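Colleague: Structure provided below as structure tokens; questions to follow.
The values are calculated or read from the model by the stated rules, or taken from the named source; none is laboratory data. These figures come from a predicted structure and were not determined experimentally. Heads up, the Cβs are rebuilt from the backbone with ideal geometry, glycines too, and the neighbour counts pull from every protein chain shown. Side chains included, ligands, DNA and RNA excluded: accessible areas come from the protein's heavy atoms. Shrake-Rupley method; radii C 1.70, N 1.55, O 1.52, S 1.80 Å.
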Amino acid sequence: MLPRSRTLPSRIHHGALEERHDIRHYLQVEPQPKATEAGAINPQSTIPRTLWTASSHIITAVIGSGVLSLTWGIAQLGWVTGPAVMLLFAIVNLYTSNLLAQCYRTGDPVTGRRNYTYMDSVKSNLGGRRVVICGLIQYVNMIGVAVGYTIAASVSMMAIKRSNCFHKSGGRDPCHMSSNGYMITFGIFEIIFSQIQDFSQVWWLSIVAALMSFTYSAIGLGLGIGKVAVNGTIKGSLFGISIGTVTKAGTVTETQKMWRSLQALGAIAFAYTFSLVLVEIQDTIRSPPAEHKTMKKATLLSVSVTTVFYMLCGCFGYAAFGDLSPGNLLTGFGFYNPYWLLDIANAAIVIHLVFCQPLFAFVEKWSSKKWPKSEFVTGEYEIPIPLVGAVYQLNLFRMVWRTIFVMITTLIAMLMPFFNDVVGILGAFGFWPLTVYFPIEMYIAQKKISRWSTKWVGLQILSATCLLVSIAAAVGSFAGIVLDLKTISPSKLAIESIYIIYICVHV
């Protein structure tokens, strides 16, 4: 169990604020108390800090909703390219994660000053505008993740309803329904949970999230294996979805196959996006030996385990569904019996995703600095919680801003309910800068690698190649959104937009 995330905002009480006016402060995390440098460990953590605990932290951080789209990704690329691409992403992540591990301490990798978060590492090794850019990328990515999670959760809620409806009707009712109502329901839950001012007060959330992610991932894998056994054959082709295949978005053409293949790169990249938490995980490791040495072993072990698990989920799903592999693995089993097992898996997705709304630190810090004397922005009111004996610190600005944020992300999700497209964009947007570019640049600065040296050129080639992959994935994902929007009639889109605005205004 990781200690409290240091990306959370400090508590603002009756206008008491830190007097720091550099905008970079508002785009980075809270500075931490320095521990003794000789073998110092994070004082907030109370668990054994070993190779095994670090590996388990990484595995639980990696395996999440990204696993749901891997089957679709491999289906676009085929039996040859799909697993190969997944393996390449794993190798790149492993390599850049090892570079990042060596940037945990500034200067000497054994006795240098600690960096407690990813942003701390960027600030101490690179500084300047790149700190601001890195912060903006993180926050924009979080907004996208909030939209993606809303779509995934609503699809799972709808899948539970359809599964039970179909089971009760004995298969006679097709049980067609809209996802809008479920997105609104999920948004209401998000509004409630977003008001939690300090996630350290509910430390058990990360344990619940980890258990839920393993639950739905394991069920998805098990159902895929079962469906292959029932089919008695392995579906799919060497080079992915066939031209002429009829899908919900229409008949696949040569151009669409190209866009789908590029979008698959983003879906796979999204499943491997975990670099932001690596420094915090490394901060829980006991030394000696040096943290980066233990972290290197932990990363190798965890990425290997994760890649094997991803391969199994993606490949068995593709073997089960072939060209008709669904964008969300658990929705592809339709009304598979035992239907209650699918209900458990989809419920696990909803429970997992309802806790994932971090972005609030930047806006709240900036606003409190901009209007330090505003009672609306900085004032807090104690609200007693009946039967519990606790007190909730109500801040009006926090309540209004977080509610508006959730409503906007829910609105975007309702207007673009395309899980694969959003996942592809998120993977493309976050992979190159956060997983490749910043770790490489920090490593170059840390090791003082001279320009145009062999190692410098090799690292720049790797970075440039990954940039091209991210751009290609983004182009494919945006093309996917355009194609999916064409399946919605303009009149229906206009009616749904008016309905959504009506709901938002009245809420």
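Colleague: Just a yes or no: is a residue in the stretch 317-327 modelled with pLDDT under 90, over 29 Å from VAL80 (Cα atoms) and surrounded by fewer than 22 Cβ atoms within 10 Å (Cβ to Cβ)?
Modeller: So far as the stretch 317-327 goes, no, none of its residues is modelled with pLDDT under 90, over 29 Å from VAL80 (Cα atoms) and surrounded by fewer than 22 Cβ atoms within 10 Å (Cβ to Cβ).
Colleague: List, please: which pairs have Cβ atoms under 7 Å, are six or more places apart or on different chains, and start with a residue in the stretch 98-115 that is farther than 19 Å from ALA298 by Cα and end with one that is polar (S, T, N, Q) and part of a loop (DSSP other than H, G, I, E, B)?
Modeller: Taking only residues 6 or more apart or on different chains, the pairs are THR106/ASN115.
Colleague: Is there any pair with a first residue in the stretch 444-461 that is closer than 19 Å to ALA101 by Cα and a second that is open to solvent by 40 Å² or more (accessible area, probe 1.4 Å) and in a helix (DSSP H, G or I) whose Cβ atoms are under 7 Å apart and which are 6 or more apart or on different chains, and what are they?
Modeller: ILE449/LYS455
Colleague: Please work out which residue is modelled with the lowest pLDDT, limiting yourself to the stretch 282-302 and to residues that are open to solvent by 10 Å² or more (accessible area, probe 1.4 Å), of a type outside the set (Lys, Arg) and touching a helix residue (DSSP H, G or I) at 6+ places or on another chain (Cβ under 8 Å). It would help to see each step written out before you state the result.
Modeller: Here is the first cut: in the stretch 282-302, the residues open to solvent by 10 Å² or more (accessible area, probe 1.4 Å) are 286-290, 292-294, 296-297, 300-301.
From what is left, the residues that are of a type outside the set (Lys, Arg) are 287-290, 292, 294, 300-301.
Now restrict to residues that are touching a helix residue (DSSP H, G or I) at 6+ places or on another chain (Cβ under 8 Å): 287, 292, 294, 300-301.
Values: SER287: 74, HIS292: 84, THR294: 87, LEU300: 92, LEU301: 90.
For the stretch 282-302, the residue satisfying everything is SER287.
Colleague: So, in the stretch 376-418, how many residues would count as being assigned to a helix (DSSP H, G or I) and touching a residue at least 12 places away in the same chain (Cβ under 8 Å)? Give the derivation first.
Modeller: Looking only at the stretch 376-418, we keep the residues that are assigned to a helix (DSSP H, G or I), and these are 376-378, 396-415.
If we keep only those that are touching a residue at least 12 places away in the same chain (Cβ under 8 Å) as well, we get 376-378, 396-399, 401-403, 405-407, 409-415.
Residues that pass the stated criteria total 20.
Colleague: Next question. Taking LEU312 as meeting all but one of (1) closer than 18 Å to THR96 by Cα; (2) of a type outside the set (Val, Ile, Thr); (3) open to solvent by 30 Å² or more (accessible area, probe 1.4 Å); (4) within 21 Å of the chain's Cα centre (by Cα), write down the number of the exception.
Modeller: LEU312 satisfies all of (1) closer than 18 Å to THR96 by Cα; (2) of a type outside the set (Val, Ile, Thr); (3) open to solvent by 30 Å² or more (accessible area, probe 1.4 Å); (4) within 21 Å of the chain's Cα centre (by Cα) except (1).
Colleague: Let me ask another. Of all residues being at pLDDT below 90 and either in contact with a Leu (Cβ under 6 Å, 6 or more places away or on another chain) or outside any helix (DSSP H, G or I) (or both) in the stretch 63-80, which is surrounded by the fewest Cβ atoms within 10 Å (Cβ to Cβ)? Just the residue, please.
Modeller: Per the criteria, the residue is ILE63.
Colleague: Find the residue count for the stretch 383-395, including only residues that are within 16 Å of ILE196 (Cβ to Cβ) and surrounded by fewer than 20 Cβ atoms within 10 Å (Cβ to Cβ). Can you show your working first?
Modeller: Our first condition is that a residue be within 16 Å of ILE196 (Cβ to Cβ); within the stretch 383-395, this holds for 383, 385, 388, 390-395.
If we keep only those that are surrounded by fewer than 20 Cβ atoms within 10 Å (Cβ to Cβ) too, we end up with 383, 385, 388, 390-394.
The qualifying residues number 8.
Colleague: State the number of residues belonging to the stretch 483-504 that are open to solvent by less than 80 Å² (accessible area, probe 1.4 Å) and either assigned to a helix (DSSP H, G or I) or modelled with pLDDT of 90 or more (or both).
Modeller: Residues of the stretch 483-504 open to solvent by less than 80 Å² (accessible area, probe 1.4 Å): 483-485, 487-489, 491, 493-494, 496-497, 500, 503-504.
Then drop every residue that is not either assigned to a helix (DSSP H, G or I) or modelled with pLDDT of 90 or more (or both), which leaves 483-485, 491, 493-494, 496-497, 500, 503-504.
Residues flagged as open to solvent by less than 80 Å² (accessible area, probe 1.4 Å) and either assigned to a helix (DSSP H, G or I) or modelled with pLDDT of 90 or more (or both) within the stretch 483-504 amount to 11.
Conditions tested, residue by residue: (1) buried (at least 19 other Cβ atoms within 10 Å of the Cβ); (2) under 17 Å from PHE419 (Cβ atoms); (3) modelled with pLDDT of 80 or more.
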site	(1), (2), (3)
GLN138	yes, no, yes
SER154	yes, yes, no
MET157	yes, yes, no
MET177	no, yes, no
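Colleague: Still on this model: Please work out if THR307 is touching a Leu at 6+ places or on another chain (Cβ under 6 Å), open to solvent by 10 Å² or more (accessible area, probe 1.4 Å) and at pLDDT 85 or above. Outline the logic, then answer.
Modeller: Numbers: touching a Leu at 6+ places or on another chain (Cβ under 6 Å): no; open to solvent by 10 Å² or more (accessible area, probe 1.4 Å): yes; at pLDDT 85 or above: yes.
No: the conditions fail for THR307.
Colleague: Condition test on GLY458, is it more than 24 Å from PHE193 (Cβ to Cβ), modelled with pLDDT of 90 or more and open to solvent by less than 10 Å² (accessible area, probe 1.4 Å)? If you could, list the steps in order and put the result at the bottom.
Modeller: On the way: more than 24 Å from PHE193 (Cβ to Cβ): yes; modelled with pLDDT of 90 or more: yes; open to solvent by less than 10 Å² (accessible area, probe 1.4 Å): no.
Taking the combined requirement at face value, the residue does not satisfy it.
Colleague: Say whether the condition of being part of a helix (DSSP H, G or I), aromatic (Phe, Trp, Tyr) and touching a residue at least 24 places away in the same chain (Cβ under 8 Å) is met by at least one residue in the stretch 242-262. It would help to see each step written out before you state the result.
Modeller: Of the stretch 242-262, the ones part of a helix (DSSP H, G or I) are 254-262.
Checking which are aromatic (Phe, Trp, Tyr) leaves us with 259.
Within this subset, residues satisfying the condition of being touching a residue at least 24 places away in the same chain (Cβ under 8 Å) are 259.
The answer is yes, given that some residue of the stretch 242-262 is part of a helix (DSSP H, G or I), aromatic (Phe, Trp, Tyr) and touching a residue at least 24 places away in the same chain (Cβ under 8 Å).
Colleague: Filter the stretch 81-134 down to residues that are of a type in the set (Val, Ile, Thr) and under 11 Å from PRO439 (Cα atoms) and give me whichever is surrounded by the most Cβ atoms within 10 Å (Cβ to Cβ).
Modeller: Step one: filter the stretch 81-134 for residues of a type in the set (Val, Ile, Thr), giving 81, 85, 91-92, 96, 106, 110-111, 117, 122, 131-133.
From what is left, the residues that are under 11 Å from PRO439 (Cα atoms) are 96, 122.
On the way: THR96: 25, VAL122: 27.
Within the stretch 81-134, the match that is surrounded by the most Cβ atoms within 10 Å (Cβ to Cβ) is VAL122.
Colleague: It is to be established whether one or more residues within the stretch 78-91 are more than 21 Å from the chain's Cα centre (by Cα), without any contact (Cβ under 8 Å) to a residue 60 or more places away in the chain and farther than 26 Å from ALA345 by Cβ.
Modeller: Checking the stretch 78-91: at least one residue is more than 21 Å from the chain's Cα centre (by Cα), without any contact (Cβ under 8 Å) to a residue 60 or more places away in the chain and farther than 26 Å from ALA345 by Cβ.
Colleague: Let me ask something else. For the stretch 436-482, which residues satisfy the criterion of being of a type in the set (Gly, Ala, Ser) and in a helix (DSSP H, G or I)?
Modeller: Kept after step one, since they are of a type in the set (Gly, Ala, Ser), are these residues of the stretch 436-482: 445, 450, 453, 458, 463-464, 470, 472-474, 476-477, 479-480.
ALA445, GLY458, SER463, ALA464, SER470, ALA472, ALA473, ALA474, GLY476, SER477, ALA479, GLY480, listed by residue number.
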